[in-house]
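**Q** I have a structure I would like to understand better, so I am pasting it below and will then ask my questions one at a time.
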Amino acid sequence: MNDTPGWTSPGSAPSDGHDGPGVPRPTEPGDANGSAPQWSKDQPPAGQWSSPGAPAPGRAHTPPPGPGWSGGPVHRQWGKPPAAKPGVIPLRPLSLGEILDGAVSTLRTYWRTVLAVSVTVAVISQTADILAQRYLMPAPPEINPDATPAEALDQSLESVRVSMVGLAPALVIMVMTSLVCAALLTVVISRAILGRPVTLAAAWQEARPRLLQLLGLTLLLPLMSAAIVGVGMLPGLLLGGTGGDALTGLGGMAGLVVVVWLMVRFSLSSPALMLERQGVIRSIKRSAKLVDGSWWRIFGITLLTQLLLFIVAMIIAIPFAIIAIVAGDGGLSSFIDNPEAGNSWSFLLITGIGGVIANAIIYPISAGVTVLLYVDQRIRREALDLELARAAGVPGYTSGS
């Protein structure tokens, strides 16, 4: 167990739910002098067992006193002590609410470091996007209203292609800044789980050696997705004609289904790479191993999180968009009649401010959910909660049992 965000090397605990010799356990009770407990030679006589709830002959049935005893007069059981919580999450398997609360608590508790990262990244990304839309985006091509469906599809694809070419520099900058943001926030969240503060300089020092490999992972997964969709569409494109168009659509949808399945399966690769210090391919395999058997749960939590973040982004962005439209020359009517109004400086700057605020909140919560899902899977499969409790200095845990 290290004090660094990696916590423990992969494989030090099994992933199939069985505890191994490397998993630490709470210390066993001993005598006052620290030696192993000894049994007395004079033992009481053997007792007599009776059915649960039935009093012994000649005695009234009374529950044993103590704070751990709970329940009503009929059903009583010993209370379970709460899990240790040295940081933003309790050290036990997490529910959806606890994962979301842990991500928000990290933002609230370590807001100076978290916002220093997310606001910087959001400002750089929005600035690149504004400049690209202002100077690199070409004028939208005119769509022929009398075009056939095939011609209209070709015109739409050409418009998308031209737009992507114009936005390519901004997309590269956004990928790079988002990558740095994810790396730094992963370090911050890993320390927040242990209840330890971390400065921006310390987070950068921890994350910097992994940035190149994280870049490789970030580029590999989209390329893999594009290749899968392309392979699915290839037979229809080769066939051509009306039947080829239908086959292309079916192949593309089938490819998208495979991509979604793989992206969820590989969704824990980034925290595995950062916190376990593994290579790109081993991180992907590690994620697949952790997600195995929990695909639907991770898919549901990820989908719900993205939906909530989308709603938050819209709540923030819509007022700024309304202000930008009203503040423009001519107001709403001019904005509707003139497509170029959305490319004016006033509109881009006002909406850009809204984008900075939204992304400054969304980035850390999204990263927090991903890291906490990774931690939750390791707690469920590898008893990582015991390792984290020992690293956090929780009393009663030791490196060996």
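**Q** Considering only the range 164-212, state which residues are farther than 15 Å from Leu372 by Cα and outside any helix (DSSP H, G or I).
**A** Answer for the range 164-212, where residues must be farther than 15 Å from Leu372 by Cα and outside any helix (DSSP H, G or I): Arg196, Pro197, Val198, Thr199.
**Q** In this structure, is Gly230 in contact with a Pro (Cβ under 8 Å, 6 or more places away or on another chain) and in contact (Cβ under 8 Å) with a residue 12 or more places away in the chain? Can you show your working first?
**A** Details: in contact with a Pro (Cβ under 8 Å, 6 or more places away or on another chain): no; in contact (Cβ under 8 Å) with a residue 12 or more places away in the chain: yes.
No; evaluated as a whole, the condition is false for this residue.
**Q** Taking the stated definitions as given, is Ala288 in contact with a helix residue (DSSP H, G or I) (Cβ under 6 Å, 6 or more places away or on another chain) and more than 19 Å from Ala358 (Cα to Cα)?
**A** Numbers: in contact with a helix residue (DSSP H, G or I) (Cβ under 6 Å, 6 or more places away or on another chain): yes; more than 19 Å from Ala358 (Cα to Cα): yes.
For Ala288, the condition - in contact with a helix residue (DSSP H, G or I) (Cβ under 6 Å, 6 or more places away or on another chain) and more than 19 Å from Ala358 (Cα to Cα) - is met.
**Q** Sort out which residues of the range 86-133 are outside any helix (DSSP H, G or I) and touching a residue at least 60 places away in the same chain (Cβ under 8 Å), and write them in order of number.
**A** Initially, the range 86-133 is screened for residues outside any helix (DSSP H, G or I), giving 86-95, 110.
Pro86, Gly87, Val88, Ile89, Leu91, Arg92, Pro93, Leu94, Tyr110 - these are the residues of the range 86-133 that are outside any helix (DSSP H, G or I) and touching a residue at least 60 places away in the same chain (Cβ under 8 Å).
**Q** While we're here: Within the range 167-198, take every residue that is polar (S, T, N, Q) and at pLDDT 90 or above and give me the one that is nearest to the chain's Cα centre (by Cα).
**A** Step one: of the range 167-198, the residues polar (S, T, N, Q) are 177-178, 186, 190.
In the following step, the residues that additionally are at pLDDT 90 or above were identified as 186, 190.
Values: Thr186: 9, Ser190: 12 Å.
Checked the range 167-198; the qualifying residue nearest to the chain's Cα centre (by Cα) is Thr186.
**Q** Examine the range 237-258 for a residue that is of a type outside the set (Asp, Glu), part of a loop (DSSP other than H, G, I, E, B) and over 15 Å from the mean Cα position of the chain (by Cα), and state whether such a residue exists. Before you say what the answer is, go through the steps one by one.
**A** Let us first name the residues in the range 237-258 that are of a type outside the set (Asp, Glu), namely 237-244, 246-258.
Still in the running and part of a loop (DSSP other than H, G, I, E, B): 240.
Right, trim to over 15 Å from the mean Cα position of the chain (by Cα) and you get 240.
The answer is yes; a qualifying residue exists.
**Q** When you check Glu158 against the structure, is it in a loop (DSSP other than H, G, I, E, B), among the charged types (D, E, K, R) and either farther than 29 Å from Ile301 by Cβ or modelled with pLDDT under 90 (or both), yes or no?
**A** Numbers: in a loop (DSSP other than H, G, I, E, B): no; among the charged types (D, E, K, R): yes; either farther than 29 Å from Ile301 by Cβ or modelled with pLDDT under 90 (or both): yes.
Considered against the rule, which asks whether it is in a loop (DSSP other than H, G, I, E, B), among the charged types (D, E, K, R) and either farther than 29 Å from Ile301 by Cβ or modelled with pLDDT under 90 (or both), Glu158 comes out as no.
**Q** Can you pull out the residues in the range 261-287 that are within 12 Å of Arg378 (Cα to Cα) and outside any helix (DSSP H, G or I)?
**A** Residue satisfying the conditions is Leu268 alone.
**Q** From Leu304, Leu290, grab the single residue that is assigned to a helix (DSSP H, G or I), modelled with pLDDT of 95 or more and surrounded by 15 or more Cβ atoms within 10 Å (Cβ to Cβ). Write out each step before concluding.
**A** Values: Leu304 fails: surrounded by 15 or more Cβ atoms within 10 Å (Cβ to Cβ).
None of the other options fit; the residue is Leu290.
**Q** Quick one: would you say Trp261 is over 30 Å from Ala132 (Cα atoms) and either at pLDDT 95 or above or exposed (fewer than 13 other Cβ atoms within 10 Å of the Cβ) (or both)?
**A** Working: over 30 Å from Ala132 (Cα atoms): yes; either at pLDDT 95 or above or exposed (fewer than 13 other Cβ atoms within 10 Å of the Cβ) (or both): yes.
When the stated conditions are applied, Trp261 passes them.
The values are calculated or read from the model by the stated rules, or taken from the named source; none is laboratory data. Values in this document were obtained by computation on a predicted structure and should not be read as measured data. Don't worry about glycine lacking a Cβ; one is built from the backbone with ideal geometry, like all the others, and counts go over all protein chains shown.
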